[in-house]
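One structure is given here, and the rest of the page talks about it.
The values are calculated or read from the model by the stated rules, or taken from the named source; none is laboratory data. Keep in mind that this is a model prediction, so the values were computed, not measured. Because the Cβ atoms are built from the backbone with ideal geometry, glycine has one as well, and the counts that use them run over all protein chains shown.
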Amino acid sequence: TPILFEARFGPTPWGPPPAGSTPHPVEIPVGGSTLRFTGYIDRIDVDSGGRARVIDCKTGKVHDLREDDRLEGGTALQLPLYIRAADAILEHLGIPARTVEAQYYHATGRGGFRRVRFTREALEARGADLTTILEATVEGIASGLFPQRPGKGGEHCRWCALKPVCGQGRVTLAERKQGDPVVSQLRAMWEIP
């Protein structure tokens, strides 16, 4: 049963969060620091057994058909973070429920009415992978390391607004840098399924 819509986690710049939200960000310790995430969850459903499900509705075409329970080298963190956020919102509101999954629901014919899920079991089983991704991301940002990652044949560049910054030789340059030990931690992160 849907119980919350547009549930906010974290502070808002314009005042208190809407009803059904928490003013506290989702906090995840990483190394010696804490990452704080803020955002909105489209919908939270809770069944009679206290199992909560996050639903993030998508209305556009599906460009990247992800599989269930994947982190995709750090490019698919929204659903696992939504599980933690929904738990925080439900706890803040005093709702006795535990989030069992988060999902994208492609709610149109164009999207094929497809669902992509990330379960709590996967989050618990893949905790080390999530930590590796977050640590590599934090360390890369802290060191100013933002290597190009155009993908096979420049596939990641198709929709990127920064193509002019990277220049025509971006694929060749990225290939030459693959063996650079400076990006080894990020390379390891990118390989996480």
Tell me which residues, restricted to the range 26-68, are among the acidic types (Asp, Glu) and either under 13 Å from the mean Cα position of the chain (by Cα) or part of a loop (DSSP other than H, G, I, E, B) (or both). ASP47, ASP56, ASP64, GLU67, ASP68
Members of the range 109-155 that are at pLDDT 90 or above and of a type in the set (S, T, N, Q): THR119, THR131, THR132, THR137, SER143
Of all the helices (runs of 4 or more DSSP H) wholly in the range 85-193, which have at least 1 residues that are under 30 Å from GLU6 (Cα atoms) and under 19 Å from the mean Cα position of the chain (by Cα)? 120-125, 127-142
Check the range 69-82 and report whether any residue there is in contact (Cβ under 8 Å) with a residue 60 or more places away in the chain, assigned by TED's automatic domain parsing to the domain that holds THR99, part of a loop (DSSP other than H, G, I, E, B) and not polar (S, T, N, Q). yes
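Residue by residue, here is whether (1) touching a residue at least 12 places away in the same chain (Cβ under 8 Å); (2) closer than 29 Å to THR59 by Cα holds:
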{"site": "ASP87", "(1), (2)": "yes, yes"}
{"site": "TYR104", "(1), (2)": "yes, yes"}
{"site": "GLY109", "(1), (2)": "no, yes"}
{"site": "GLY112", "(1), (2)": "yes, yes"}
{"site": "ALA122", "(1), (2)": "yes, yes"}
{"site": "THR131", "(1), (2)": "yes, no"}
{"site": "GLN148", "(1), (2)": "yes, no"}
{"site": "GLY169", "(1), (2)": "no, no"}
{"site": "GLN178", "(1), (2)": "no, no"}
Those residues of the range 59-84 which are surrounded by fewer than 17 Cβ atoms within 10 Å (Cβ to Cβ) and not hydroxyl-bearing (Ser, Thr, Tyr) amount to GLY60, LYS61, VAL62, HIS63, ASP64, LEU65, GLU67, ASP68, GLU72, LEU77, GLN78
Condition (residue is at pLDDT 90 or above and either of a type in the set (Lys, Arg) or not in a loop (DSSP other than H, G, I, E, B) (or both)) applied to the range 16-23: is it met by at least one residue? yes
Top-ranked residue of the range 24-55 - restricted to ones that are touching a strand residue (DSSP E or B) at 6+ places or on another chain (Cβ under 9 Å) and without any contact (Cβ under 8 Å) to a residue 40 or more places away in the chain, ranked as farthest from ALA102 (Cα to Cα): THR34
